[in-house]
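Engineer: Mind having a look at this structure? Questions to follow.
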Amino acid sequence: MKMPSHGSNPHYVYKAANLKQPETVLDFSVNVNPFGAPAIIKENWMKWFQFIEDYPDPHSAELKKELSIKEKIDENNILIGNGGAELISLVPQLFNGKNVLIIEPAFSEYEQACLAQNCHVEHHILNEGDWSLNTAELLPKVKKYQAIFLCTPNNPTGVVYDREAILQLIEEGKRHQCMIIIDEAFFDFSSENHSYSSFIEQYSNLILLRSLTKMYAIAGLRLGYLIAHPSVIAKLSMLKPHWSVNAIAMKAGMECLKQHKYVQQTRQHIDQERSRLEEFFQKSGFSYSKSKVNFYLLRDPALLEAAPLFLFLLEKGIVPRHTLNFPGLNGRWLRLAIKQTEDNNQLLEALDEWKNRR
Ligand SMILES: Cc1ncc(COP(=O)(O)O)c(C=O)c1O
């Protein structure tokens, strides 16, 4: 069966698995805020209708200003995009046809975007289980590449890489004119500061990718941004389609940035639920990744690959994300989002039934 390459849109998964989709499903394959978009977006929706008639601001000036205040960086360090995905596809145009390394397992779009720019892509696969950055192996490789992609907190593991190791990597990249692209799409799900934005002026070889679609559950609206040295922003701005960010997304983004309480409550919920889930996994003999964010990897150690558990959950209307297209995981694990308590309870019930029928 040829599984879809991303989470969300569960009907594609049922079709690929040749299973009838139950009337209601719980989609654990999409890792956005389980509380949905902030209420203020719905409240303003009709007021924003007027903005669809004119062209949006191609520079997203208002939103950029707001982000620069929030991030304590200059506006010249920011480029707004139609979701992190647009920015991911833009970045490899800076090193078209060159050698690129991706620290795996990681989001599959980096490879896709680099291949579209005729880059030669290689993978640095981390040790399964703890997925920590092994600098002794990684740093000597840096000189071979013009760009290195990584994601922290990482999708699909949820693991945050060691700060000292990343700083060494950025420094080594600078020595060898190698761009270090760090995807921070999930950084705001953790209360600790895991970002590298304070290093952006110091390192012109550093690019950070951010998404607003995860924390604020506006994946259908599309909004993200990139943080880099002004020289990099200037080059990427020339490459970005002129009106790629729509007017409603920008208005929604402005409101999202004010949602401090919503962010705090989300983090608190995610932390509480993750502890509860992990306790269950330990008791029931499941393996899981040490995630710091709103999703994690799960595996039944009794299985060589996760397909039987995947199908069992699908039949119960619970949709996990397969890991067949993540180098280094190759289908052995399932990625599951942390959702609202009731939904997580249904997952636990199903996993309990799985363990007890064996
Ligand atoms: C790690 C990571 N980066 C970036 C993106 C793209 O996010 P968006 O385009 O919705 O902002 C995703 C989406 O799943 C992701 O998982």
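Engineer: Among His269, His11, His322, which comes first, then next, by fewest other beta-carbon atoms within 10 Å?
Structural biologist: Fewest to most other Cβ atoms nearby, the residues stand as His11, His269, His322.
Engineer: Moving on to the next point. For the stretch 40-256, what is the relative contact order in percent, using Cα pairs closer than 8 Å and at least 6 residues apart in sequence?
Structural biologist: It comes to 27 percent, rounded to a whole number.
Engineer: Taking the Cβ of each residue in Thr24, Thr135 as the centre, tally the other Cβ atoms inside 10 Å and list the residues starting with the fewest.
Structural biologist: Thr24, Thr135
Engineer: What is the calculated FRET efficiency for Asn96 to Thr24, with r their C-beta to C-beta distance and R₀ = 51 Å, to the nearest 0.05? Intermediate values should be presented prior to the final figure.
Structural biologist: Values: r = 46 Å, r/R0 = 0.90.
Step by step, r from the Cβ atoms, then E = 0.65.
Engineer: On the first, second and third principal axes, largest extent first, how far apart are the outermost C-alpha atoms of the chain in Å?
Structural biologist: 59, 55, 36
Engineer: Which order do the peptides 52-59, 323-330, 113-120, 211-218 come out in when sorted by mean C-beta neighbours inside 10 angstrom, highest first?
Structural biologist: In decreasing order of mean packing, 52-59, 323-330, 113-120, 211-218 become 211-218, 323-330, 113-120, 52-59.
Engineer: Same structure, new question: Separation between the Ala136 and Lys15 pseudo-spin-labels, each 7 Å from Cα along Cα→Cβ, expressed in nm?
Structural biologist: So the label points at Ala136 and Lys15 sit 4.9 nm apart.
Engineer: Under a Cβ-Cβ limit of 4.7 Å, which cysteines in the chain have nobody to pair with?
Structural biologist: Cys151, Cys178, Cys256, each lacking another Cys Cβ under 4.7 Å.
Engineer: What list of ³J(HN,Hα) couplings, whole Hz, do you get for the stretch 130-140 from phi and the Karplus terms 6.51, -1.76, 1.60, once you set θ to phi - 60° and write x for glycine and proline?
Structural biologist: 10, 6, 8, 6, 9, 5, 4, 8, 7, 4, x
Engineer: Pick from Gly129, Gly81, Gly317 the residue whose mean-square fluctuation is largest in a GNM of the chain, springs joining Cα atoms under 10 Å.
Structural biologist: Gly129
Engineer: Given H placed on each backbone N at 1.01 Å, which residues far from Trp333 in sequence or on other chains put an amide H within less than 5 Å of it?
Structural biologist: Ala306, Thr323
Engineer: In nm, what is the difference between 0.36 nm times the number of residues separating His242 and Gln272 and their Cα-Cα distance?
Structural biologist: Full extension of this stretch gives 6.6 nm more.
Engineer: Where both residues lie in the chain, what percent of DSSP beta bridges are antiparallel, nearest 5?
Structural biologist: In the chain, DSSP labels about 45 percent of beta bridges as antiparallel.
Engineer: To continue, here is another question. Ranked highest first by average number of other Cβ atoms within 10 Å, how do 336-342, 183-189 line up?
Structural biologist: With the highest mean Cβ count within 10 Å placed first, the list reads 183-189, 336-342.
Engineer: Amide H neighbours of His123 under 5 Å, counting only residues 5+ apart in sequence or on other chains, H built in-plane at 1.01 Å?
Structural biologist: Those qualifying (amide H under 5 Å, at least 5 residues apart or on another chain) are Ile102.
Engineer: Still on this structure, I have one more. Extension gain Ala116-Ser191, at 0.36 nm per residue separation less the Cα-Cα distance, in nm?
Structural biologist: 23.4 nm
Engineer: Quick one: P(r) of the stretch 170-254 from all Cα-Cα pairs, 5 Å bins, percents rounded to integers, in order of increasing distance.
Structural biologist: 3, 13, 20, 21, 19, 15, 6, 2, 0
Read-outs throughout are calculated quantities, based only on the coordinates presented, and are distinct from any laboratory measurement. Every value quoted in this text rests on a predicted model; they were computed, and no experiment measured them. Reconstructed Cβ throughout: ideal geometry from the backbone, glycine too, with neighbour counts over all protein chains shown.
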